[in-house]
Amino acid sequence: MRTLVKTFAAAALIAVSTFAMAAEEPGAKATKENVNLSTADLALDHYVAITTEGESAGVEQLFVEDFNQKIQSSNTQSNSRSSVVKLLKKQKGEKLNCTVSTDILEESADYMVAKVTLKFENFTKTDLVTLERMGNDWKVSKSINSYK
């Protein structure tokens with residue numbers, strides 16, 4: 001009798017867990033969260049949140065397909081969109097210990113250049129960010145970094 005009760009309990013547990021998994025929408029965890037990038041200011045704020053506060057939502061959505069990042073130093077480096085997105089996803093949830101300031105250098109109806117300054121304890125990173133209107137959204141098309 002005890003074996004029969006254990007068998008029914010195990011079968012009920014399997015059935016409940018199967019129904020619970022089936023109740024989730026397929027690919028629910030894989031769906032990308034859309035972020036409001038309808039203005040240049042929203043896109044710039046989201047870029048700062050992704051790069052300094054470990055925000056991970058909308059990383060792919062923020063960058064144009066041919067995005068390029070250049071790092072100015074003694075040996076200039078260039079990073080593709082895929083490598084930058086991959087790096088930013090790895091930094092999910094990590095906040096940088098720095099003060100951030102942003103200045104709009106140039107702005108038009110379809111184009112913006114902003115200077116994002118990250119001041120750390122021992123150095124400063126300056127990021128010149130170019131944003132472009134792509135349909136109804138603003139996206140980052142280029143980033144040039146320098147360090148002092």
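No lab work stands behind these numbers, since they all come straight from the coordinates. Please read all numbers here as calculations on a predicted model, not as lab measurements. When we count neighbours, we look across all protein chains shown, and the Cβ atoms used for this are built from the backbone with ideal geometry, even at glycine.
Details
- The alpha carbon gyration tensor of the range 40-147 gives principal lengths a ≥ b ≥ c with a/c below 1.5, which makes the shape rounded.
- Separation in nanometres of the label points that stand 7 Å from Cα toward Cβ, at ASN36 and TYR111: 2.8
- Neighbour net charge for THR126 - beta-carbon separation under 13 angstrom, K R +1, D E -1: +3
- Averaged over residues, the count of other Cβ atoms within 10 Å places the peptides 70-77, 96-103 in the sequence 96-103, 70-77, highest first.
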